[in-house]
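Written out below as structure tokens is the structure these notes cover.
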Amino acid sequence: SCVVAAPSRIRPAADRVKTDRRDAERLARLLRLGEITPIRVPTLEEEAARDLVRAREDARGDLMRARHRLSKLLLRHGLVYDATAWTRTHAAWLRRQRFQSGPLSIVFDECYGRMIDAKTRRDALDDAIGGLAATAPYVVSRLVCLRGVSTLTAFALTVELGDWHR
């Protein structure tokens, strides 16, 4: 039989001496005692779904940085939106902003464009995750029934856990 195990679960972190003979004896002893916890190697589809969730998280971070960059630019020039930010009315307010200085106008347009691009990327990944979550192998529909668990959270949990029987 062949057992795949995580190295971090076999040897204690404090044991820094590396010898093949000691490791082989320890593995044999742990295997005989049934102390090795086997891991399951994810399928290619599961790994692709994990990559999708990680790409969405990266896009979310990019959107947050773009929003901060834009709001800090406006703050430096004394433009502050008094109500709740990043709503439809805030977006309309942002579109109405005009600057007299040519370079400042270019910088604002660049920051605003990057924020819109990041939001578009994040929304596209959300749609892809929603479509993939509706497929059979995932238990997302059961997790979404729990209060406060969105489709994205349920899908991320499902693909990161992999096997719910572990």
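Laboratory data are not the source of any read-out in this text; all were calculated from the coordinates shown. Note that the structure is predicted; figures quoted are calculated from it, not measured. All Cβ positions, even for glycine, are placed from backbone atoms using ideal geometry, and neighbour counts span all protein chains on display.
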Quiz item: Ranked highest first by the average count of other Cβ atoms within 10 Å around their residues, in what order do 57-65, 72-80 fall?
Solution: 57-65, 72-80
Quiz item: Taking only the alpha carbons of the range 31-166, what extent do you get along each of the three principal axes, in Å, biggest first?
Solution: 76, 31, 23
Self-check item: Virtual spin-label span in nm between residue 95 and residue 55, 7 Å along Cα→Cβ
Solution: 2.9 nm
Quiz item: What order, most packed first, do the peptides 143-154, 81-92 have when packing is the mean number of other Cβ atoms within 10 Å of each residue?
Solution: 143-154, 81-92
Self-check item: Nearest 10 degrees, 0 to 90: helix 20-33 Cα axis against the chain principal axis
Solution: 80 degrees
Exercise. Using only Cα atoms, tell me the angle between helix 151-161 and the longest principal axis of the chain; keep it within 0 to 90° and round to the nearest 10.
Key: 30 degrees
Exercise. For the range 98-134, run through the trypsin sites (Lys or Arg not before Pro) and keep only the ones in DSSP coil with at most 10 other Cβ atoms within 10 Å of their Cβ.
Key: 98
Quiz item: From the backbone phi of the range 68-83, what are the Karplus-calculated ³J(HN,Hα) couplings (6.51 cos²θ - 1.76 cosθ + 1.60, θ = phi - 60°) in whole Hz, Gly and Pro given as x?
Solution: 4, 4, 5, 5, 5, 4, 5, 5, 4, 9, x, 9, 10, 8, 7, 8
Practice problem: Would you calculate, for the chain, the mean residue ellipticity at 222 nm contributed by helices, counting each DSSP H stretch of 4 or more residues as -39,500 (n - 2.57) and dividing by all residues, to the nearest 500? | Solution: -21000 deg cm²/dmol
Quiz item: Any idea what Rg and Dmax come out to for the range 28-107 if you just take the C-alpha atoms, in Å?
Solution: 24.4, 77
Practice problem: Obtain the nm distance between the two label points defined at residue 6 and residue 41 by a simple spin-label model: each point lies 7 Å from its Cα along the Cα-to-C-beta direction. | Solution: 1.8 nm
Quiz prompt | the range 63-158, relative contact order [Cα under 8 Å, separation at least 6], % | solution = 26 percent
Quiz prompt | Computed magnitude of the charge dipole of the range 22-166 (debye, nearest 20; Cβ of K, R +1, Cβ of D, E -1) | solution = 580 debye
